[in-house]
Each structure stands twice: as structure tokens, then as C-alpha cells.
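Report on one structure; see the data block that follows.
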Amino acid sequence: LLEQALHSNHHLMINTLWHTGARISECLSLTRSAFHLDGDRSYVSLKVAKRRGRPKTNAAGDPLPRLVPITDRAYLLELERYFTTHHLGVGDSLFPIGRHGAAKRIRTLVERVKTSGGVIPINVTPHTFRHSFAVNGVLHGVPLPVIKQWLGHRNIQSTEIYTQVLAAETGHLMQWL
């Protein structure tokens with residue numbers, strides 16, 4: 001999909017969904033100020049968009065943001081380039097579109113992949129990248145409580161779903177027994 005995302009805005013949106021685990025509404029609300037780019041200590045501050053019950057708040061009553069580390073050097077460079085070439089101010093939105101527009105962009109990219117002979121065996125939506133982020137974390141041994149925090153889940157049971165996705169792929173672990 002990234003190869004078919006020729007517009008820098010489309011490419012960055014997909015990369016941001018993949019690298020942060022953000023919900024589409026959280027991704028679309030990102031501004032330049034949400035990113036703290038400092039080499040190995042870079043992160044994005046995601047404002048929680050899903051509000052069931054009482055979200056954790058600070059002293060002022062504002063919902064606490066989720067801080068998701070960003071370690072991929074290529075993605076960090078893409079962010080820096082994007083901020084510079086698009087002359088984004090601190091409060092400027094990275095993706096000035098709505099949820100339906102974002103979903104349409106992704107569908108268009110999927111169609112381009114298929115037209116060019118590529119195969120995408122699943123239905124790809126903006127939420128697919130959130131799931132991919134979580135499964136990638138599980139595959140790389142990130143503890144579930146950390147993934148829970150990055151995704152902004154209230155209960156660990158919501159995060160444990162991603163371990164069930166991988167249950168069929170555990171045969172390789174037998175070599176360690």
C-alpha cells in the first residue's frame with residue numbers, strides 16, 4: 001500500500017496509523033505539536049478519541065494523552081520532511097480530512113495494488129493498521145500491559161485479543177522446549 005501512496009499526505013497517514021496504533025479519529029486530529037521528535041526519545045501524544053465511562057484526567061480535568069514511542073528512523077525522517085515541506089505550524093492539522101475521506105483514500109490505494117497485480121487477502125480499513133500495530137508488538141515480545149497503554153485500552157482483555165490472533169502461529173515456539 002505504501003508503494004501505491006504517491007501523495008505524501010496519503011503515505012504519511014498510512015505510516016502514522018501503522019507506527020502509532022492510533023484510531024482513525026485520533027490520527028486525523030493530529031497536529032504538529034503532537035509529535036516530539038528527539039532521536040531515540042521521539043514520541044507522539046495521542047488524544048483519546050474513544051470515551052466510554054470516565055477517562056483518566058489530569059488536574060484540569062482534561063483526558064490524559066497516550067504517549068507512543070516512535071523508533072523507526074525512516075518514519076521519523078518522513079515526519080521531519082513532511083513538516084518542513086508542508087510548512088506546518090504547531091497547531092496545523094496533518095490530515096485535514098474526515099473519517100470517510102480517509103477510508104476512501106485507503107480503498108483507492110487497495111484498488112491500485114490489485115490493479116497492478118498485487119494481492120491483498122484481507123479487507124483493509126483504517127482500523128486494520130491499528131490491529132497490525134498491536135500484532136506486530138505481540139510478535140516482537142512487547143509486554144501486553146505496554147501494548148494496552150499504547151492502544152489506550154481500558155481492560156487488558158481488549159488487548160489479549162491480539163494474542164488469540166496469533167494462537168495458530170505458535171508452532172515455531174516448540175523449538176525452544
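The values are calculated or read from the model by the stated rules, or taken from the named source; none is laboratory data. In this text the structure is predicted, and so the values were computed from the model without any measurement. For accessibility, only protein heavy atoms count, side chains too; no ligands or nucleic acids. Shrake-Rupley method; radii C 1.70, N 1.55, O 1.52, S 1.80 Å.
In terms of solvent-accessible area of protein heavy atoms at a 1.4 angstrom probe, what is the ranking of 78, 111, 3, 160, highest value first? Mind showing how you got there, number by number?
Numbers: 78 25, 111 100, 3 165, 160 70 Å².
The ordering from most to least exposed comes out as 3, 111, 160, 78.
Protein chains only, probe 1.4 Å: how do 128, 16 rank by accessible area, largest first? Kindly include the intermediate steps, with their values, before the conclusion.
Working: 128 25, 16 0 Å².
Greatest to least solvent exposure: 128, 16.
At 1.4 Å probe size, put 148, 47, 114 in order of accessible surface, largest to smallest. Show your work: numbers first, answer last.
Details: 148 55, 47 150, 114 100 Å².
Putting 148, 47, 114 in descending order of accessible area: 47, 114, 148.
Quote to one decimal, in nm, the extra length available between residue 122 and residue 7 on full extension: 0.36 nm per residue of separation minus the C-alpha distance between them. Don't jump to the answer; show the numbers that get you there.
Details: separation 115, 0.36 × 115 = 41.40 nm, distance 2.34 nm.
Stretched out fully, the residue 122 to residue 7 stretch lengthens by 39.1 nm.
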